[in-house]
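*Asks:* Sending over a structure as structure tokens; questions will come in a sec.
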Amino acid sequence: MGATRIIAVRHGETAWNVDTRIQGQLDIDLNDKGRWQAQRVAQALADETIHRVYSSDLTRAHATARAIAHRTSHPAAREVQLHTGLRERGFGTFEGQTWADIETHWPEESRRWRQRDPHFAPPGGETPLQLRERVARTVAELAAQHLGEQIVLVAHGGVMDILYRLATNQDLSAPRTWELGNTAINRLLWTPEAMTLVGWADTRHLDEAALDESST
């Protein structure tokens, strides 16, 4: 039975991450730290055999993916393939708002959001159920093309959350106990029957700055 190894990476940090502002599908670029994180994860994956790099078409993910692709040795992986199915969850009217803004202006919607109501969507946005369906469909579409190979998927926090839940059979309303760090390395194994978790939230590449010549 064939399987596809997946390295899933959340994009590097943005200014809106720092401000706890909901980005959703708005196109926000990386900040300086995010660009540094992208270079670090690219360096960490440079020796891996990667057959293709896929990314959300939003700039913060695409920029992270380009850094990874630039360091790969496989010719087909050096050009990032964009896929809208890897976009962040659509948050509709919540996009551009801070968590505090949402709590103040939409208290009932905020409550349903924080309680992880799988049927709740902000006006103009997606429900968790819709997001799960989109992510599962996209991963199956891409992974099925690479049985016996390893691919990188660069996406967003909401997508990473769904990948973890799919791989561990966690309910959408279950409290999150796992990390979704910027440029953490997450490893999964996909087969046509199931997706399983191999490793999660590896951020050792972000802890080694003191070893860089430029920082000593």
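The values are calculated or read from the model by the stated rules, or taken from the named source; none is laboratory data. Quick caveat, the model's predicted, so the values are computed rather than measured. All Cβ positions, glycine included, derive from the backbone under ideal geometry; neighbour counts span all protein chains shown. All accessible areas refer to the heavy atoms of the entire protein, side chains included, with ligands and DNA or RNA removed. Shrake-Rupley method; radii C 1.70, N 1.55, O 1.52, S 1.80 Å.
*Asks:* With θ set to phi - 60°, apply the Karplus curve 6.51 cos²θ - 1.76 cosθ + 1.60 along segment 67-72 and write out the HN-Hα couplings as whole Hz, x wherever there is a Gly or Pro.
*Replies:* Using θ = phi - 60°, the values come out as 4, 5, 4, 4, 9, 7 Hz.
*Asks:* What residues have an amide H closer than 5 Å to that of VAL154, excluding those fewer than 5 places away on the same chain, when H is modeled at 1.01 Å from N in the peptide plane?
*Replies:* The list, which skips near neighbours in sequence, is VAL9, TYR54, SER55, SER56.
*Asks:* Enumerate the calculated ³J(HN,Hα) couplings along segment 79-89 in order (Karplus 6.51 cos²θ - 1.76 cosθ + 1.60, θ = phi - 60°), each rounded to whole Hz, writing x wherever the residue is Gly or Pro.
*Replies:* So the Karplus estimates, Gly and Pro as x, are 10, 5, 9, 8, 8, 5, x, 9, 5, 5, 4 Hz.
*Asks:* A follow-up question, please. Angle, helix 32-44 long axis vs. longest principal axis of the chain, Cα atoms, 0 to 90°, nearest 10?
*Replies:* 40
*Asks:* Another one. On a C-alpha basis, how far is the centre of segment 1-79 from the centre of segment 93-167 in Å? Whole number, if you could?
*Replies:* So the separation of the two Cα centres works out to 18 Å.
*Asks:* Whole-Hz Karplus ³J(HN,Hα) for segment 169-182, in order, using 6.51 cos²θ - 1.76 cosθ + 1.60 and θ = phi - 60°, x for Gly and Pro?
*Replies:* My calculation for segment 169-182 gives 6, 7, 5, 4, 8, 5, x, 7, 10, 10, 7, 10, x, 4 Hz in order.
*Asks:* Compute the signed sum of charges (Lys and Arg +1, Asp and Glu -1) over the other residues within less than 12 Å, Cβ to Cβ, of TRP190. All intermediate terms of the calculation are to be shown ahead of the outcome.
*Replies:* On the way: positive: ARG5, ARG187; negative: GLU141, GLU149, GLU193.
Neighbour charge sum, excluding TRP190 itself: -1.
*Asks:* Find, among the trypsin sites (Lys or Arg not before Pro) in segment 94-200, those assigned to loop by DSSP (not H, G, I, E, B) with at most 11 other beta-carbon atoms within 10 angstrom. List each step's numbers first, then the result.
*Replies:* Numbers: sites: ARG111, ARG112, ARG114, ARG116, ARG132, ARG134, ARG137, ARG165, ARG176, ARG187; in loops: ARG116, ARG176.
Passing sites in segment 94-200 are ARG176.
*Asks:* Sticking with the crude label model, points 7 Å out along Cα→Cβ, report the distance from VAL18 to ALA46 in nm, one decimal please.
*Replies:* The answer from the label model is 2.7 nm.
*Asks:* Against the globular-protein guess of 2.2 N^0.38 Å, express the Cα radius of gyration of segment 55-164 as a ratio, rounded to two decimals. Walk me through the numbers on the way to the answer.
*Replies:* Values: Rg = 16.3 Å, N = 110, 2.2 N^0.38 = 13.1 Å.
Cα Rg divided by the expected 2.2 N^0.38 Å: 1.24.
*Asks:* Right, another one. Using label points projected 7 Å from each Cα along Cα→Cβ, tell me how many nm separate GLU79 and HIS119, to one decimal.
*Replies:* My value for the distance between the label points is 4.6 nm.
*Asks:* Let me ask something else about it. With a 1.4 Å probe and every protein chain kept in, tell me what percent of the accessible surface of the chain is carbon plus sulfur.
*Replies:* Values: 4890 of 10320 Å².
In the chain, the share of accessible area belonging to carbon and sulfur is 47 percent.
*Asks:* Summing Lys, Arg as +1 and Asp, Glu as -1, what charge do residues with Cβ under 11 Å from the Cβ of HIS156 carry, HIS156 excluded?
*Replies:* Values: positive: ARG10, ARG60, ARG87, ARG89; negative: GLU88, ASP161.
Around HIS156, the surrounding residues sum to +2.
*Asks:* Sum -39500 (n - 2.57) across every DSSP H segment of at least 4 residues in the chain, then divide by the residue count to get the 222 nm mean residue ellipticity, nearest 500.
*Replies:* -10000 deg cm²/dmol
*Asks:* Loop only by DSSP, 15 or fewer other Cβ within 10 Å of the Cβ. Give me the GluC sites (Glu not before Pro) in segment 12-115 that pass, ordered by residue number.
*Replies:* Working: sites: GLU13, GLU48, GLU79, GLU88, GLU95, GLU103, GLU108, GLU109; in loops: GLU13, GLU48, GLU79, GLU88, GLU95.
The qualifying sites are GLU79.
*Asks:* Ignoring ligands and nucleic acids, what accessible area does ASP101 show with a 1.4 Å probe (Å², nearest 10)?
*Replies:* Rounded to the nearest 10, that gives 50 Å².
*Asks:* As a test, work out the antiparallel percent of DSSP beta bridges whose residues both lie in the chain, rounded to the nearest 5.
*Replies:* Numbers: 12 of 24 bridges.
Around 50 percent of the beta bridges assigned by DSSP in the chain are antiparallel ones.
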